[in-house]
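The values are calculated or read from the model by the stated rules, or taken from the named source; none is laboratory data. Every value quoted in this text rests on a predicted model; they were computed, and no experiment measured them. Positions of Cβ are generated from backbone atoms using ideal geometry, with glycine treated the same way; all protein chains shown enter the neighbour counts. For the accessible areas, the whole protein counts, side chains as well, though only heavy atoms, and no ligand, DNA or RNA atoms are used. Shrake-Rupley method; radii C 1.70, N 1.55, O 1.52, S 1.80 Å.
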Amino acid sequence: MTFELIAQARTLQGTGASRRLRRAGTVPGIVYGGEAAAQAIEVGHNDLLLKLKKEAFHSSIISLVVDGKKEAVLLRDYQTHAYKPLVLHIDFQRVDATHELHIKVPLHFINEEVAPGVKLSGGLVNHVVTEVEVLCLAKDLPAFIEVDLSALKVGDSIHLSQLKLPAGVKLVAHASDDVVVGIVGKGGSAEGEAAAE
């Protein structure tokens, strides 16, 4: 999925200037990284808010158009108001096609309802991890990684090392092979599994 975001260069900086921008319906932000210097920008609030609601926006290469000039960027950080649907600030990082990205990618769990542990034994799916950190080039960046649960029985689990990664994508090394997802009996243990039978 490709996203395009229109922005303008921002010359005025500081708390007062940022407040005036927000009142005018725009969000102050910054683009950094790569060979060029960091650049202060402003982005239309409503368009940005809608895009932030899409999961893929957080792990996709975004085409940022600043005053007519396109740049490939990644969303790196954003701040929102504590209780209002307001974006207060946004950070983007320029993408270099020749350097590996270090980014979090969401996991999509499929076939939960047909897994033998759920369908036959009445077990519950326990999602331990919902996103993973990966290293890859920009061209290989997946919007998500699929995790198939169709073969899991009660007591079974899938670990990080068992994830099927797209070509060119590797997991950031972890000290342990953590559990990603598992199926537990209704009591949350082997006793629950016995009761289900």
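Summary table below
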| quantity | calculated |
| --- | --- |
| Count - residues of segment 13-71 that are surrounded by 14 or more Cβ atoms within 10 Å (Cβ to Cβ) and over 25 Å from the mean Cα position of the chain (by Cα) | 4 |
| Where Leu75 falls short, out of the listed (1) touching a residue at least 40 places away in the same chain (Cβ under 8 Å); (2) among the aliphatic types (A, V, I, L, M); (3) surrounded by 13 or more Cβ atoms within 10 Å (Cβ to Cβ) | (1) |
| Within segment 1-12, tally of residues that are surrounded by 10 or more Cβ atoms within 10 Å (Cβ to Cβ) and within 30 Å of Asp140 (Cα to Cα) | 8 |
| Which numbered condition Ala82 misses (of (1) modelled with pLDDT of 90 or more; (2) closer than 24 Å to Glu133 by Cα; (3) assigned to a loop (DSSP other than H, G, I, E, B)) | (2) |
| Among (1) touching a Lys or Arg at 6+ places or on another chain (Cβ under 9 Å); (2) open to solvent by less than 50 Å² (accessible area, probe 1.4 Å), the one test that Ala143 misses | (1) |
| Residues of segment 99-117 satisfying the condition of being open to solvent by 60 Å² or more (accessible area, probe 1.4 Å), within 16 Å of Val134 (Cα to Cα) and either in a loop (DSSP other than H, G, I, E, B) or without any contact (Cβ under 8 Å) to a residue 40 or more places away in the chain (or both) | His99, Glu100 |
| Selection status of Ser150, hydroxyl-bearing (Ser, Thr, Tyr), out of contact with any Phe, Trp or Tyr (no Cβ under 9 Å at 6 or more places or on another chain), loosely packed, with under 15 Cβ neighbours inside 10 Å and in a helix (DSSP H, G or I) | no |
